[in-house]
Each structure stands twice: as structure tokens, then as C-alpha cells.
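Worksheet: one structure, shown below.
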Amino acid sequence: MTPLRVAIIDDHPMIRAGVRAELEKFPQRVQMVAEADSVDSGIKMVHSVDLDVVLLDVHLPGGRGAGGAEVVPACADVEGVTFLALSVSDAAEDVVSVIRAGARGYVTKSISTEELVIAIELVASGDAAFSPRLAGFVLDAFGTSQLAGSDDELDLLSARELEVMRLIARGYTYKETANELFISIKTVETHVSSVLRKLQLSNRHELTRWASARRLV
């Protein structure tokens, strides 16, 4: 398996060095190949380096002053690259602004290295990734009135599948869900696969939208 090519845009050299050092612990899964320290240098980097995922700080110097939210739309013409916000901020306005700009997820810098790697893999596969409790900001901001569906679908799920679905839809990782419910990560994976199959959904992003439409999160 070819490791995912990752870059980071952050104006703090120690943060960039720390993330690089941590990701080097997982060489079979991710490879840090580039870094930048501002909006302008970040946009230039994304256009010049072959990347899968860009870790993006929300507050960045340069550009028009919009920070990380400015980088994503400026790189919309670059195929195959996905943005994952990595920030110390857990403010709702920061989360919403960068997701609205087009990032696929938002995690805080308190995340563990393994959880960060999982988040990188999720967004690279087209899924969404959020630190626990941050997903609610996105759901509140974007609304769910356009999402329709039969409540009869709930009857397809077992009690345990409902528990797992609610946590996953809130942005919990598989590991966090397993710890919360005192089950194994493998069991969580099995339940998620079952839920997606029963509801005819493709990924966690669709599951989050489905659950929010029914006010289950």
C-alpha cells in the first residue's frame, strides 16, 4: 500500500516539525512531503506538489486575511487533493468557515497521532473527519431540511447499531466509539458496515447527514 502524500500549512515551525516527527511513526500509511507557512505559500505549494491530503491551520498570515478558509477554494482547480483542518481552535466560527470553504474535516491539535492518521485516511477516501463534538457545529450551520427519508428506516437498526451510529455521526472515531461503548474497534467497524448497508449509505459523511436529519445526534 502506497502511503498517502501529506503536506501541512501552519505558520508555527515547531508545530510543523512536531507533526512531521509524529507522522514519521506511521511510514507505511502517511508520508509528509511538503510544508508551507502562510496562505500564499500554501496555495503555491498545493499547486506545485503532488498531494493527497493537506493539513491546514485555520489562522494563517497572508492572503486577504481569511486564513485557512482562503486556501481551500484557491486550490479548487487541483484534482485529487483533500483538506483537513488541524487547529488549536475549537470555536464554532472557525470550524464552520473552513468546512464551508471546502475542507473535508476538522480536528484539534489535542488529537493523538494515531487518530490524526485515521482522520487523514478518512478524508483521503472521501469521508469526513471531526474531533468529537465539533461535527455538531457543522450540522447546525448547514441545516438538514433538504435531507428526507422514512422514519421506518430506524426500525432496520438494532439498539447497538443505533448507539454506534449516533456516536459516529457526532464525529467520534472508531476507537473513541469502542471506548465509549466498551466494545472492540472491530465490532464498531462491523456495526458501521451493517448500518451503512441497511440504510443504503456510502460513507460516514452521508451517515452524519442522515442522523442529523432525524435529530439523532
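The values are calculated or read from the model by the stated rules, or taken from the named source; none is laboratory data. Quantities reported herein were computed from a predicted structural model and do not represent experimental measurements. Reconstructed Cβ throughout: ideal geometry from the backbone, glycine too, with neighbour counts over all protein chains shown. Side chains are part of the model used for accessible areas, which takes the heavy atoms of the whole protein and leaves out ligands, DNA and RNA. Shrake-Rupley method; radii C 1.70, N 1.55, O 1.52, S 1.80 Å.
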Check on D50, of a type in the set (D, E), open to solvent by 10 Å² or more (accessible area, probe 1.4 Å) and touching a strand residue (DSSP E or B) at 6+ places or on another chain (Cβ under 8 Å): yes
Per-region count, the stretch 17-55, residues under 20 Å from S125 (Cα atoms), more than 18 Å from the chain's Cα centre (by Cα) and part of a helix (DSSP H, G or I): 1
Residues satisfying the stated conditions in the stretch 155-186, i.e. in a helix (DSSP H, G or I), open to solvent by 40 Å² or more (accessible area, probe 1.4 Å) and without any contact (Cβ under 8 Å) to a residue 12 or more places away in the chain: D155, A159, N179, I185, K186
Selection count, the stretch 101-112, where residues are surrounded by 16 or more Cβ atoms within 10 Å (Cβ to Cβ) and outside any strand (DSSP E or B): 5
Subset of the stretch 80-100 [assigned to a helix (DSSP H, G or I), open to solvent by 30 Å² or more (accessible area, probe 1.4 Å) and either of a type outside the set (A, V, I, L, M, F, W, C) or at pLDDT 85 or above (or both)]: E93, S97, R100
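In the list E206, E189, which residue meets the criterion of being modelled with pLDDT under 90, in a helix (DSSP H, G or I) and under 14 Å from the mean Cα position of the chain (by Cα)?
Sole residue among the options that is modelled with pLDDT under 90, in a helix (DSSP H, G or I) and under 14 Å from the mean Cα position of the chain (by Cα): E206.
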Restricting the stretch 1-20 to residues that are more than 25 Å from G62 (Cβ to Cβ) and in contact (Cβ under 8 Å) with a residue 24 or more places away in the chain, the residue that is surrounded by the fewest Cβ atoms within 10 Å (Cβ to Cβ): M1
Pair list, Cβ under 6 Å, 6 or more apart: the stretch 105-119 residue under 14 Å from D57 (Cβ atoms) and of a type in the set (D, E), other residue buried (at least 17 other Cβ atoms within 10 Å of the Cβ) and at pLDDT 90 or above: none
Residue list for the stretch 187-197, restricted to those being surrounded by 14 or more Cβ atoms within 10 Å (Cβ to Cβ) and either among the basic types (K, R) or closer than 21 Å to S112 by Cβ (or both): T187, V188, E189, V192
Residue among R104, R16, R64 that is at pLDDT 95 or above and of a type outside the set (F, W, Y): R16
Residue match in the stretch 21-33 (condition: closer than 19 Å to S110 by Cβ, out of contact with any Gly (no Cβ under 6 Å at 6 or more places or on another chain) and open to solvent by 60 Å² or more (accessible area, probe 1.4 Å)): yes
